[in-house]
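Enquirer: Please find one structure pasted underneath; my questions will follow.
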Amino acid sequence: MFNRNTNNEPPTFILAAIKLKNAVAYENAGKYESALTAVEEALALQTNYVDAWLIKGVINSKLGKFSESLKCYDRIIEIDPQFGDAWRLKAAVFTSTNLHEKAIECSAKAVELDPANLEYRLSLAIALQRLKRYEDALNVYEDAKKQRPTDARLDYYIGLMWGNLADYQKALVSFEQALRLRPDFTDALLGKGIMLARLNRKEEAKECADKLLKTKGASENQQATKPQSVNESIRNDFKAAQNRLRTKYSSN
């Protein structure tokens, strides 16, 4: 039931949502301080507003205020311990501050809360690779494959891992499996071509290159196939949270 008021004003949760909608618009425009002000106004109206704490954490991370960001995610976990995105974003903050063991713990917690979430598993696998725990990372990928046996991205990511370890034959097998599952997977085709070249199978590598040249945007795909840097991976985690909020709060 809404609380009655004589001025026919909207209830506080609606007012808070409007404030947060403004915050998302400011954040989208790169006006982070204005966005934080709007978030604080939303939280003043609804102290347990999970989405407001989430966007506050993301903005603080963008501003390099990592301790403040962690406080936001911890507050979300106090409100809702089952909120997987808070654990995933905590992992991103720990990664950005080179606390990789803590990042793994948080990523593992996110997977525990939502085992079916592929993005959580991928974040965990990447975190494990940063500490060169490749066997553990491979186990995470294999568990994901049991859930998503036809998802070509998993074989692709496994191929990237083997490529980084200079095991070009295993990488080639993984990229070829990805292509069997999805023949139009240009990133996997590029990975296959690179591995063939490194195995000195030049004619086959040239065939892959010719196929890529016929595909629009091949140069962009080449960039996408390069292993992500730590900063790129962190940005992707933040973007996932931002996209969810933008979808929810952006103007129609």
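The values are calculated or read from the model by the stated rules, or taken from the named source; none is laboratory data. This one's a predicted model, so the numbers in the text were calculated from it and none came from an experiment. We place every Cβ from the backbone using ideal geometry, glycine too, and count neighbours over all the protein chains shown.
Enquirer: In the set Tyr141, Tyr134, Tyr157, which member is free of Cβ contacts under 8 Å to residues at least 24 places away in the same chain and either under 29 Å from Val173 (Cβ atoms) or of a type outside the set (D, E, K, R) (or both)?
Expert: Tyr141
Enquirer: Could you give me the residue pairs with C-beta distances under 7 Å whose first residue belongs to region 20-32 and is under 17 Å from Ser61 (Cα atoms), whose second residue is charged (D, E, K, R) and in a helix (DSSP H, G or I) wherever it lies, and which are 6+ apart or on separate chains?
Expert: As it stands, the answer is Val24/Arg246; Asn28/Arg246; Tyr32/Lys62, since those pairs meet every condition given.
Enquirer: Given the criteria closer than 20 Å to Asp114 by Cα, charged (D, E, K, R) and modelled with pLDDT of 95 or more, does Asp155 qualify?
Expert: Values: closer than 20 Å to Asp114 by Cα: no; charged (D, E, K, R): yes; modelled with pLDDT of 95 or more: yes.
The answer is no for Asp155.
Enquirer: Please name all residue pairs, on different chains or six or more residues apart, with Cβ atoms under 8 Å, provided the first residue is in region 195-211 and is within 20 Å of Asn164 (Cα to Cα) and the second residue is surrounded by 15 or more Cβ atoms within 10 Å (Cβ to Cβ) and among the hydroxyl-bearing types (Ser, Thr, Tyr).
Expert: Listed by first residue and then by second, the contacts come to Met195/Tyr168; Arg198/Tyr168; Leu199/Tyr168.
Enquirer: Among the residues of region 182-201, count how many are within 20 Å of Leu138 (Cα to Cα) and more than 23 Å from the chain's Cα centre (by Cα).
Expert: Going through region 182-201 one residue at a time, the tally reaches 2.
Enquirer: May I ask you to say which residue of Ile194, Ile234 is among the hydrophobic types (A, V, I, L, M, F, W, C), closer than 25 Å to Glu135 by Cα and modelled with pLDDT of 95 or more? Quick ask: steps written out before the conclusion?
Expert: On the way: Ile234 fails: modelled with pLDDT of 95 or more.
None of the others qualify; the one that does is Ile194.
Enquirer: Restricting attention to region 23-79, report how many residues are within 20 Å of the chain's Cα centre (by Cα), within 20 Å of Phe13 (Cα to Cα) and among the charged types (D, E, K, R).
Expert: Qualifying residue count, region 23-79: 2.
Enquirer: Tell me, which residue of region 166-178 that is buried (at least 20 other Cβ atoms within 10 Å of the Cβ) and touching a residue at least 24 places away in the same chain (Cβ under 8 Å) is nearest to Asp155 (Cα to Cα)?
Expert: Ranking the qualifying residues of region 166-178, first place goes to Ala178.
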